[in-house]
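**Q** Dumping the structure here so I can ask a few things about it.
The values are calculated or read from the model by the stated rules, or taken from the named source; none is laboratory data. From a predicted model like this one, the values you see are computed outputs, not experimental measurements. Glycine gets a Cβ as well: all are built from the backbone with ideal geometry, and neighbour counts include every protein chain shown. We work out accessible area using only protein heavy atoms, side chains counted, and drop any ligands, DNA or RNA first. Shrake-Rupley method; radii C 1.70, N 1.55, O 1.52, S 1.80 Å.
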Amino acid sequence: PATEPNPAWIRNANVVGINARTLGAFWRVVHYCLTLPRSVNAVHLLPVWEPGVVGSLYGMASWQINEEFIDHELLSLYPHLNTAARQLKATINVLHVCNRAVGMDVIPHTDRFSQIVLAQPSLFEWLRRDEVRIVDHRADLHEEVEDLVYRFVVQNGLAQPVTAQLPDRDRFFSDATPEDARCRMLFGPPDDHVERNERRGALVRFVHAQGFEPVPATMAPPYRGIEVDPTTRTVDSSGDVWLDYRITKPESMSRVFGPLARYKLYERLDDNQDWQIDFGRPRVAAWEYVTSHYASIQEQFGFDFMRGDMSHVQMRPDGVPADIPDHYDLLGAVKLRIQDRLPSFAYFAETFLAPPGVMGYGNEVDHLEASEADVTLGDLQSVAVATDEFTQRLRQYLDIAQTRNVTPSFTLMTADKDDPRFDSFYLAGNELRLFCALFLPHIPSYTALGFETRDPHPTPAPNEFYSKLYVFQVRSGKYATAGPYRFGTNEPLFGRLQRIHRFAETLLPELGNREPIWLLPPDATAGRKVIAWALPYPAGRDNTAAPAFRMFVANCDTVAPAINVKVPAIGAVAGAALAGVTCVFSTVPDVTPANPAIARDGFHIPRIGRGECRAYEMTLRQESE
């Protein structure tokens, strides 16, 4: 992708998402990718930074690369690869040699008490609590937090002497003291993980004891307006009490993410008395901080694209504005900052294409276009193939891909949907998911590690079989894990999916990324579950003895077969009539279906099995014949 003129390449990419914690080390991503077919040409690495509370990869505690992902076998062979950062760089280099693009997660938040929050209080929003009451949340409360942090250093000394003496308070929190130097003085040497965590913990307790906390991140309208939830509290191993928060006037999808704090990107109206944001006054220093850090990371490691976490966040109550301001969306700003140096850098957005006003204010596609997203995840993975919702969503996504500037993905599975709550999605239809993802080459696909061998779970399996639960490090409770991630042992599924991959390898290079000719598009009413489309061979393939089209047919009903399916002819499109139709592949092993009967206006398929997908060769007869 680095040689491409723009990010359009990602609209046709087949992406696999990999949580390095499920494999144990960055270098083992290479091991895993060596088992993947060539068609899987992009790798999304889940967050690579030091985690914070409950070990969540999405609650980054610092900009340090996560040392738990060092491969000690690789280190023994190559002693110079003695840090997680060096092994990550080596991993990305090898993946590039294997002709795979590599993407990083861009996260618009941190752990609530991260090094980033404590070293730069002005970049975040703060509150002060007295027992279960929020007693202060004014706009400049971060100044009092800076006073507390500085007082902690005065009382406890420098964690690492960087200067001859401690700078005064204003200089300590200004650009005169670079972030690296400030973090060393606050927390200690970057390579001493234990000391930094102990020092950070002491500082957190010092600030927390005065009632100060970063405002937790929220999701979905109304976003703003929180209160302490008096019904829950957590007492940690040090005896400190932590309270949760809730939205005061919640809507259907309102959530408070207690472990996370979002960057404060705008000033507040009326000193934040009513929790209202002044979108007309961006806090440029916060934007510069985030975009410059991610641009530096991209340049250091050579990432080709970004996966934007929580891209659905659109907090303007009036929806997407008609005129998009310069500081509209942080994730889009990161993409544009990197594109100044690397024009091919692409943005894969994590949104679920929910109805307007559900996950964000306004229309989600409008927001994605305004935020410069190239492709988006969508939500095909959260419905079973046989359901009406699957067919309807697929039709919606294809319409968006054809009419808008952002392309939805054909998503097979994600880490977010691989836990016991979602077992029913994958009991059937996995072959159809992969078949469509590969043979609809004009849209991207996304899947997560483990899909290809995922066992069927009619009842929940042990937690170690779910990759979602390795985004965290929970040692007790419902979603705790006690050992390493275990791949499924579903050899029959693996064999069937490999058959599809092998067949695809023979076709995809020749078919390219052409737009399909829809014969039976997904039915928006879901009354019909069979879909069919054709892909033309390259221009110049006009020899009537060779197939002029490939046709693909899929029965999205995994419960019942489709009987006597009528597929319209494509003669009017091709300027010729059908001469022959031959079935060359079925997702049902050891089955060679009879060729369909050709009629004047198309042809009839007597039967398509439940969840079955087929590929046909179609030859055309010239009008002169």
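**Q** For the chain, what is the accessible area per residue in Å² when the probe is 1.4 Å?
**A** Heavy-atom accessible area per residue stands at 41 Å².
**Q** Pop a pseudo-label 7 angstrom from the Cα along the beta-carbon direction at both Arg404 and Glu267 and give the gap in nm to one decimal.
**A** About 3.3 nm, to one decimal.
**Q** Could you tell me which residue out of Leu519, Tyr470, Val106 lies farthest along the dipole of the chain toward its positive end? Charges go on the beta carbon: Lys and Arg +1, Asp and Glu -1, centred on the Cα centre.
**A** About the Cα centre, the residue reaching furthest to the positive side is Leu519.
**Q** Based on Cβ point charges of +1 for Lys and Arg and -1 for Asp and Glu, what charge dipole magnitude is obtained for the chain about its Cα centre, in debye rounded to the nearest 20?
**A** 1600 debye
**Q** Considering Cα pairs under 8 angstrom that are at least six residues apart, work out the relative contact order of the chain and quote it in whole percent.
**A** 12 percent
**Q** Could you work out the helix-only [θ] at 222 nm for the chain, with each DSSP H run of four or more residues adding -39,500 (n - 2.57) and the total divided by the number of residues, to the nearest 500 deg cm²/dmol?
**A** -8000 deg cm²/dmol, from helical runs alone.
**Q** Using +1 at the Cβ of each Lys and Arg and -1 at the Cβ of each Asp and Glu in the chain, identify which of Cys183, Gln314, Ile92 lies farthest towards the dipole's positive end.
**A** Checking the options against the dipole of the chain, the answer is Ile92.
**Q** If I stretch the segment between Ser296 and Gln276 completely, what's the gain in nm (0.36 nm per residue apart, minus their alpha carbon distance), one decimal?
**A** Gain on stretching Ser296 to Gln276: 4.0 nm.
**Q** A follow-up question, please. With the cut-off at 19 Å, report for segment 141-253 the share of all Cα pairs above it, as a whole percent.
**A** Within segment 141-253, distances greater than 19 Å cover 57 percent of Cα pairs.
**Q** Which FRET efficiency value, to the nearest 0.05, do you get for Ser76 and Val97 by plugging their Cβ-Cβ distance into 1/(1 + (r/R0)^6) with R0 = 30 Å?
**A** 0.85
**Q** Could I ask something else about it? Below 8 Å, C-alpha to C-alpha, sequence gap of six or more: please give me the relative contact order for segment 119-191 in percent.
**A** The normalised contact order for segment 119-191 reaches 31 percent.
**Q** Which peptide among 32-39, 20-27 comes first, and what is the full order, when sorted by highest mean count of other Cβ atoms within 10 Å?
**A** Packing proxy ranking, top to bottom: 20-27, 32-39.
**Q** Given points 7 Å out from each Cα along the Cα-Cβ axis, report the Ala354 to Val474 separation in nanometres with one decimal.
**A** With each label placed 7 Å out from Cα toward Cβ, I get 2.0 nm.
**Q** Okay, moving on. Packing-wise, with mean Cβ within 10 Å as the measure, how do 373-385, 603-615 rank, highest first?
**A** The most tightly packed comes first, giving 373-385, 603-615.
**Q** Which trypsin sites (Lys or Arg not before Pro) does segment 300-408 hold that lie in a coil by DSSP with at most 11 other beta carbons within 10 Å?
**A** Arg341
**Q** Using the alpha-carbon centroid of each, what span in Å lies between segment 351-367 and segment 467-538?
**A** Comparing the Cα centres of segment 351-367 and segment 467-538, I get a distance of 25 Å.
**Q** Computed over the Cα atoms, what is the radius of gyration of segment 383-459 divided by 2.2 N^0.38 Å, N being its residue count?
**A** 1.12
**Q** Next question, about the same structure. Of the GluC sites (Glu not before Pro) in segment 81-187, which ones lie in a loop per DSSP and count no more than 12 other C-beta atoms within 10 Å?
**A** Glu131
**Q** For a Förster distance of 30 Å, can you work out the FRET efficiency between the beta-carbons of Asp340 and Gln396, rounded to the nearest 0.05?
**A** So, using R0 = 30 Å, E works out to roughly 0.30.
**Q** Tell me the net charge near Val235. Cut-off is 14 Å between Cβ atoms, Val235 excluded, with +1 for each Lys or Arg and -1 for each Asp or Glu.
**A** Every neighbour counted, the sum reads -1.
**Q** Compute and list, largest first, the equivalent-ellipsoid semi-axes of the chain from the alpha carbon gyration tensor, each √(5λ) rounded to a whole angstrom.
**A** 49, 25, 23
**Q** Now a separate question. What's the lysine pair count for the chain at a Cα cut-off below 26 Å, pairs eight or more apart or interchain?
**A** 9
**Q** I want to check the label-to-label distance for Glu68 and Asp244. Put each point 7 Å from Cα in the C-beta direction and report it in nm to one decimal.
**A** If labels sit at Glu68 and Asp244, their model points lie 2.2 nm apart.
**Q** Once fully extended, how much extra length lies between Asp180 and His31, figured as 0.36 nm per residue of separation less the alpha-carbon to alpha-carbon distance?
**A** Once the chain is fully extended between Asp180 and His31, it gains 50.2 nm.
**Q** While we're here: In the chain, what percent of the accessible surface is made up of carbon and sulfur (1.4 Å probe, ligands and nucleic acids excluded)?
**A** Heavy-atom surface of the chain belonging to carbon and sulfur, 1.4 Å probe: 50 percent.
**Q** Which of the GluC sites (Glu not before Pro) found in segment 201-306 are in a DSSP loop and have at most 15 neighbouring Cβ atoms, other than their own, within 10 Å?
**A** Here the GluC sites (Glu not before Pro) that fit, given the DSSP loop and packing criteria, are Glu251.
**Q** I would also like to ask the following. Of all beta bridges DSSP finds with both residues in the chain, what is the antiparallel percent, to the nearest 5?
**A** In the chain, approximately 70 percent of DSSP beta bridges are antiparallel ones.
**Q** Only Lys, Arg, Asp and Glu count, each charged at its Cβ (+1, +1, -1, -1), so figure out the dipole size of segment 155-277 about its Cα centre, rounded to 20 debye.
**A** Dipole magnitude for segment 155-277 comes out near 120 debye.
**Q** Also: Report the dimensions of segment 332-448 along its three principal axes from the alpha-carbon atoms, largest first, rounded to Å.
**A** 45, 30, 29
**Q** Follow-up. I'd like the distance separating the alpha-carbon centroids of segment 259-295 and segment 410-446, in whole Å.
**A** 36 Å
**Q** Mind checking the full-extension length gain between Arg255 and Ser424? Use 0.36 nm per residue of separation minus the Cα-Cα distance, one decimal, nm.
**A** Contour length minus Cα-Cα distance gives 58.4 nm.
**Q** Kindly rank 489-498, 8-17, 197-206 from highest to lowest mean number of other beta carbons found within 10 Å of each residue.
**A** Going by the mean number of other Cβ atoms within 10 Å, highest first, we get 8-17, 197-206, 489-498.
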